[in-house]
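K.L.:
One structure follows; several queries about it will come next.
The values are calculated or read from the model by the stated rules, or taken from the named source; none is laboratory data. Small disclaimer: the values here were computed from a predicted structure and weren't measured. Quick reminder, even Gly has a Cβ in these numbers, built from the backbone with ideal geometry, and neighbours come from all protein chains shown. Ligands, DNA and RNA are stripped out before the accessible areas are found, and what is left, the full protein with its side chains, is counted by its heavy atoms. Shrake-Rupley method; radii C 1.70, N 1.55, O 1.52, S 1.80 Å.
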Amino acid sequence: MAINLNKRISTQELKSGKTVVLAGWAQDVKFLGKLAFIILRDREGLAQLVATKEFKDLKKIKSISRESVLAIEGEVKDSKSRAFKKEIKITKLEVLNKANPLPMELAEGAAEEETRLKYRFLDLRKLRMKNNMILRHKIIKAIRDYFDKQGFLEIETPCIAKSTPEGARDFLIPSRVQKGKFYALPQSPQIFKQLLMVAGMEKYFQIARCFRDEDMRSDRQIEFTQLDVELSFADEEMVYKCTEESVANVFKEAMDVKIKTPLPQMKYEEAMRRFGSDKPDIRFGYELQPASAIEPAIKEKRVKAIVVDKQLSEADLHELAATAQTYKAKGLYVLKGSKLQVYKRLGKPSEIKVSSASISKLRKSLKAKEKDLILLASEEEYSRGSTPLGQVRITLAKQLKLIKPGVWKLLWVTEFPMFEWKEEEKRWVASHHPFTQPNPEHVKYMKTMPEKVLSRAYDLVLNGTELGGGSIRIHNAELQSKVFDALKISKKDAERKFGFLLNAFKYGAPPHGGIALGLDRFVALLAGEDSIREVMAFPKNKAAEDPMMASPDEVSKDALWELGIAKLPK
Ligand code: ASP
């Protein structure tokens, strides 16, 4: 009689003396004298199965290939093996499906990423990947539970939509019905969630899929998931409260870690000044200090310093210089005793003449001891939210092993500048997005001194990584037009792109604000993974391809013609 799979229990529910049915994958099959051992894996874990000589069909066991699917019936016994407390003496065995020889090894680290992605259905069988999927599920559940309890509604918004203003490139979908016209996949549900506020939904959240046609990095995918939130009648504190409580709930439910709320807040200006970063890692010190005393000697402006009370090797200093240069510094100046040298990524450091008076002035202002090493760089130029020395500080922390595992430091960074100068376009662009409300007291500078305008935007930072950000929005059509003017978005363009939102604002838009957190990044941080690909079931590779499905793929000329984007094939 066939084994009754309805009676199946998991490998983690074994009780000695019971007859049980198990089913899963044959992770390993071994023979020891007259005994055969099978390690059976199901989603919950592993179990050791034993076939003794009473089990007549050893031939059947010999035919089991690795990763074949089995069902067994047997008796649970206490085991003497080191790895298993119990084992199951097989009385019945069925091979439900025999696996071919595997195209990749399932041991951790055994296969290249390309192979892992090509055979993702096998890769996900690995314990680490399975645990990542379980963690992701727990995190999403904790989020949903929290927002549900707080009276938020989860509302789905369309994926086939129109361009949204997050500043990335859109994915376009040609319309078959209206030839020559295109939909866009949303870069975020931003406009929809604001419309939901106008519609009176008051408290919205969504585990939302977003699409941005950007180059891939370890923490970027063209398709990713956000926790998206919007609240009516809200100020910053209300957004902070629900966000940090939901994050603390995730830590509690998924990690058994207690996060103290309310979280600390730091203005953008202070974050840049003390940490050289708009996402400061506050797990360690080594803060940046002004070092103007050295400026005449090195002929650079806005020089800052980090005082290091530990030894660094020449290789370390070259690595720090490379970091500084990547973030636009000319080089890294290093003061050892009375010797000032400039280090570059490559080559020998060169010495710079400096008077002993300037050196003692510098040391005094930095409260540095004679034996301390001083790292200096100009902070005049920088890229991607981090100054050269801000990034040197991060590399230094790795070199000096300053970061202890299991420490979670969250904070809000607030009052970001409203606009950023985009040299390539020779215009101001919105630092967050054009719906962000400027600080009301700064509206008067919008035309003349946009660099002075701060916004009501905020970011949530976890261990030096931006978890997400949001803002209090503009809810009045007049102020919105002023911001479009400052951004040099013409009336016609604004009307074509966001006319429907501006129009909606005329019919009773409540004050509102919200936030979005990058869920993949959040899961990756909690899982201790460097790449978000490790916490997504089916990610794309670095070339934005899926090697398993072979997407993107070519399509026939006929299909293109039908969509109105190619001529009729001859
Ligand atoms: N829509 C924004 C983003 O995706 C977040 C927000 O402002 O709520 O970054």
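K.L.:
Any chance you could count how many residues in the stretch 241-278 are in contact (Cβ under 8 Å) with a residue 40 or more places away in the chain, open to solvent by 50 Å² or more (accessible area, probe 1.4 Å) and more than 21 Å from E451 (Cβ to Cβ)?
P.N.:
Going through the stretch 241-278 one residue at a time, the tally reaches 6.
K.L.:
Given (1) open to solvent by less than 30 Å² (accessible area, probe 1.4 Å); (2) under 25 Å from R496 (Cβ atoms); (3) within 16 Å of the ligand (Cβ to nearest atom), where does Q221 come up short, assuming only one miss?
P.N.:
Unmet for Q221, out of (1) open to solvent by less than 30 Å² (accessible area, probe 1.4 Å); (2) under 25 Å from R496 (Cβ atoms); (3) within 16 Å of the ligand (Cβ to nearest atom): (2).
K.L.:
Tell me whether the stretch 143-164 contains one or more residues that are in contact with a Ser or Thr (Cβ under 9 Å, 6 or more places away or on another chain), touching a residue at least 60 places away in the same chain (Cβ under 8 Å) and hydrophobic (A, V, I, L, M, F, W, C).
P.N.:
Within the stretch 143-164 (the criterion being in contact with a Ser or Thr (Cβ under 9 Å, 6 or more places away or on another chain), touching a residue at least 60 places away in the same chain (Cβ under 8 Å) and hydrophobic (A, V, I, L, M, F, W, C)), the answer is yes, since at least one residue qualifies.
K.L.:
Further question: Looking at (1) open to solvent by 10 Å² or more (accessible area, probe 1.4 Å); (2) within 15 Å of the ligand (Cβ to nearest atom); (3) in contact with a helix residue (DSSP H, G or I) (Cβ under 6 Å, 6 or more places away or on another chain), can you tell me which one E214 breaks?
P.N.:
It fails just one condition, (3).
K.L.:
Checking I191 against (1) among the aliphatic types (A, V, I, L, M); (2) at pLDDT below 95; (3) open to solvent by 30 Å² or more (accessible area, probe 1.4 Å), only one condition comes out false. Which one?
P.N.:
Single failed check for I191: (3).
K.L.:
How about the stretch 375-397: which of its residues are under 20 Å from the mean Cα position of the chain (by Cα) and open to solvent by 10 Å² or more (accessible area, probe 1.4 Å)?
P.N.:
Within the stretch 375-397, S383, R384, G385, Q391, I394, T395 meet the criteria.
K.L.:
Oh, and also: Would you be able to say whether some residue in the stretch 305-323 is more than 18 Å from P388 (Cα to Cα), more than 38 Å from the chain's Cα centre (by Cα) and outside any loop (DSSP other than H, G, I, E, B)?
P.N.:
No; the residues of the stretch 305-323 include none that is more than 18 Å from P388 (Cα to Cα), more than 38 Å from the chain's Cα centre (by Cα) and outside any loop (DSSP other than H, G, I, E, B).
K.L.:
Residue check: is A368 assigned to a loop (DSSP other than H, G, I, E, B), small (G, A, S), in contact (Cβ under 8 Å) with a residue 24 or more places away in the chain and in contact with a strand residue (DSSP E or B) (Cβ under 9 Å, 6 or more places away or on another chain)?
P.N.:
For A368, the condition - assigned to a loop (DSSP other than H, G, I, E, B), small (G, A, S), in contact (Cβ under 8 Å) with a residue 24 or more places away in the chain and in contact with a strand residue (DSSP E or B) (Cβ under 9 Å, 6 or more places away or on another chain) - is met.
K.L.:
Report, by residue number, each residue of the stretch 109-147 that is of a type in the set (A, V, I, L, M, F, W, C) and in a loop (DSSP other than H, G, I, E, B).
P.N.:
Hits for the stretch 109-147 are A110, A111, L124.
K.L.:
Then there's this: Could you grab me the full set of residues in the stretch 377-390 that are at pLDDT 90 or above and within 22 Å of L362 (Cβ to Cβ)?
P.N.:
A377, S378, E379, T387, P388, L389, G390 - these are the residues of the stretch 377-390 that are at pLDDT 90 or above and within 22 Å of L362 (Cβ to Cβ).
K.L.:
Another one. Specify the residue that is most open to solvent (accessible area, probe 1.4 Å); the eligible residues are those in the stretch 224-237 that are touching a residue at least 12 places away in the same chain (Cβ under 8 Å) and away from the ligand (no atom under 12 Å from the Cβ).
P.N.:
Residue satisfying both the conditions and the ranking: F233.
K.L.:
Among residues belonging to the stretch 51-89 that are open to solvent by 10 Å² or more (accessible area, probe 1.4 Å) and assigned to a strand (DSSP E or B), point out the one that is nearest to V21 (Cα to Cα).
P.N.:
E73
K.L.:
May I ask you to verify whether R363 is more than 16 Å from the ligand (Cβ to nearest atom), of a type in the set (K, R), assigned to a loop (DSSP other than H, G, I, E, B) and farther than 30 Å from E166 by Cβ?
P.N.:
The answer is no for R363.
K.L.:
Within the stretch 417-434, can you find the residues that are without any contact (Cβ under 8 Å) to a residue 24 or more places away in the chain and either within 16 Å of the ligand (Cβ to nearest atom) or assigned to a loop (DSSP other than H, G, I, E, B) (or both)?
P.N.:
Correct list: E420, E423, E424, E425, K426.
K.L.:
Residues K141, K130: which one is away from the ligand (no atom under 16 Å from the Cβ), over 25 Å from A544 (Cβ atoms) and open to solvent by 70 Å² or more (accessible area, probe 1.4 Å)?
P.N.:
K141
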